[in-house]
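Visitor: Right, I'll just put the structure down here and ask away after.
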Amino acid sequence: MPGSLPASYVATWPKDVGIIAMEVYIPSQYVDQAELEEFDGVGAGKYTVGLGQARMGFCSDREDINSLCLTVVQRLMERNCLSYNSVGRLEVGTETIIDKSKSVKTVLMQLFEESGNTDVEGIDTTNACYGGTAALFNAVNWVESSSWDGRYALVVAGDIAVYATGSARPTGGAGAVAMLVGPNAPLAFERGLRGTHMQHAYDFYKPDMVSEYPVVDGKLSIQCYLSALDRCYSVYRNKIQAQWQREGLERRFCLNDFGFMVFHSPYCKLVQKSLARLLLNDFLSHPNPNLESGPYSGLEAFRDVKVEDTYFDRNVEKAFMKASSEMFEQKTKASLLISNQNGNMYTPSVYGCLASVLAQHTPQQLVSQRIGVFSYGSGFAATLYSIRVTQDATPGSMLDKLVSSLSDLQVQLDTRKKVPPAVFAENMKLREETHHLANYIPQGSVDDLYPGTWYLTCVDDKHRRYYARCSLDEHGPLQAGPINCVTTS
């Protein structure tokens, strides 16, 4: 076929390209979802049970998308003792846009100034919650291409998810994830195993350029998410079965072939429904499922349903959630740690779920596992792909270092400051009123920020933003950023 790669060239590709290191940043304050239910005057359990959310992290006006990404990148570089000269590509995935021209990536280049390294490819990638995945794919493709110069690629996914007062507000959150990409990785991307679906829809979008808030069609958004999952899974399953056939292996792919399955998580209950939906897809595509025992027992009544008619079928949903409950406990529940405790981070959401799995398992439990990853962004774009964990789990191995670096995730979540819902609402109102203001000094306190956190010091009369970094010493003074801000009246 024209354009295809001869088999003789495959051996020249770098081996096991994937994620070498990860860093997660979440805000230092949160609101309790049960308290928010009472504050909002909704029924008890609407957010905690109906959505599956316990806490929601949020940012004051002291943090924006630039500061989140500055923080997570510097933390990753420092924790892994990396030189900024070792990075040849840096790409940001975000939908939190504060400038219609200048990329977040260019702001991050301030961190590279001391090293003198300006030879760094990549800019920002945007499409709702899918931007982080697109940036990650670009990084992997760069390492596997003739453009690669032997250095690492660095991918940053970050967002601040805020909603207007109403039913969507408890599905917010904020945070950033940075990932170091290169060859011989402990989390290697499985080549050729991606199922993608892209389509036009107005399920969630941000047409108002002066507001942080999106326009959301909740029911349509769920339908788009589930339909994309169906189609991506079908494409992925066909590709891996074709790959197996070429290797002389005649068997069907099913959900059990994933050791873990992580999803983009707008809210936790949708993830549980999504795993059940994959089981539904397996059931409907199987030529002769066992209806007497195993996960399909008692499901004969649903044998002839059409998958496209089941998006809001409560009977199908209930039956397959019950049938997949054990799989959920084994394959997916651990991935919801950050999502449940911090909320929806948009582009970093699915990678927060991946980090949650790594943080709660030992290298020995992870070794050689296939991890399925479903990434969805409204509008809409989606991909289901898989990562293969290395076979080396020995002490000091790359996998051991990666898992160890994420072992403090629970501590990060537990040491945050709980804020009353009224104070949370005041912060949202402040962000709403000051969004894109020029000649503005943020009002939020910096006292509660984590050591090493970057924060916004001011926006001058030309909309230029300036930042400083909290001292790494918890009891030390605040350190000035690279540029001081002078404001005019």
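The values are calculated or read from the model by the stated rules, or taken from the named source; none is laboratory data. A quick note: this is a predicted structure, and the numbers were derived from the prediction, not measured. All Cβ positions, even for glycine, are placed from backbone atoms using ideal geometry, and neighbour counts span all protein chains on display. These area figures cover heavy atoms from the full protein model, side chains too; ligands, DNA and RNA do not enter into them. Shrake-Rupley method; radii C 1.70, N 1.55, O 1.52, S 1.80 Å.
Visitor: What distance in nm lies between label points placed 7 Å from Cα along the C-beta direction at residue 401 and residue 146?
Guide: The two pseudo-label positions are separated by 3.2 nm.
Visitor: Here's a follow-up. Suppose R0 equals 51 Å; then what is the FRET efficiency for residue 243 and residue 315 from their Cβ-Cβ distance, rounded to the nearest 0.05?
Guide: Efficiency for this residue pair is about 0.90.
Visitor: Can you tell me the relative contact order of segment 112-181? Whole percent, Cα pairs under 8 Å, sequence separation 6 or more.
Guide: 26
Visitor: Carbon and sulfur together cover what percent of the accessible area of the chain at a 1.4 Å probe radius?
Guide: Accessible surface attributable to carbon and sulfur in the chain totals 50 percent.
Visitor: Mind listing the long-range amide H neighbours of residue 174? Cut-off is under 5 Å, sequence gap 5 or more, other chains count too, H placed in the peptide plane at 1.01 Å from N.
Guide: Residues meeting the criterion, in which the H sits 1.01 Å from N, are 57, 161.
Visitor: So for the pair residue 365, residue 290, with labels modelled 7 Å out along Cα→Cβ, what separation do we get in nm?
Guide: With each label placed 7 Å out from Cα toward Cβ, I get 2.7 nm.
Visitor: Something else: Would you mind getting me the FRET efficiency between residue 441 and residue 471? Use the beta-carbon distance for r and R0 = 22 Å, nearest 0.05.
Guide: 0.60
Visitor: At a Förster radius of 60 Å, what calculated FRET efficiency corresponds to the Cβ-Cβ distance of residue 257 and residue 164, to the nearest 0.05?
Guide: 0.90
Visitor: Sticking with this one: Per-residue counts of other Cβ atoms within 10 Å, averaged by peptide: what ranking do you get for 281-290, 373-382, highest first?
Guide: So the order, starting with the most tightly packed, is 373-382, 281-290.
Visitor: Can you return the lysines within cross-link range of residue 269? Criterion is Cα-Cα under 17 Å, with same-chain partners fewer than 8 residues away left out.
Guide: 46, 219, 318, 322, 331, 333
Visitor: To the nearest 10 degrees, how steeply does helix 421-434 sit against the main Cα axis of the chain, on a 0 to 90 scale?
Guide: 70
Visitor: Which whole-number percentage describes the relative contact order of the chain, with Cα contacts under 8 Å and a sequence gap of 6 or more?
Guide: RCO, the chain: 22 percent.
Visitor: When ligands, DNA and RNA are left out and all protein chains stay put, how many square angstrom of accessible area per residue does the chain have with a 1.4 Å probe?
Guide: 43
Visitor: Show that you can apply the helix-only estimate: for the chain, add -39,500 (n - 2.57) for every DSSP H stretch of four or more residues, divide by all residues, and state [θ] at 222 nm to the nearest 500.
Guide: -9500 deg cm²/dmol
Visitor: Now for a separate question. Taking Cα pairs under 8 Å and at least six residues apart, what relative contact order does segment 1-113 come out at, in percent?
Guide: About 24 percent, as a whole number.
Visitor: Convex hull over the alpha-carbon atoms of the chain: what's its volume per residue in Å³?
Guide: Convex hull volume per residue, Cα atoms: 160 Å³.
Visitor: Report the local net charge at residue 232: Lys and Arg +1, Asp and Glu -1, summed over other residues whose C-beta lies under 15 Å from its C-beta.
Guide: +1
Visitor: Pop a pseudo-label 7 angstrom from the Cα along the beta-carbon direction at both residue 205 and residue 99 and give the gap in nm to one decimal.
Guide: Computed distance between label sites residue 205 and residue 99 equals 2.6 nm.
Visitor: Within the set of other residues whose C-beta is less than 10 Å from the C-beta of residue 131, count the net charge using Lys and Arg as +1 and Asp and Glu as -1.
Guide: -4
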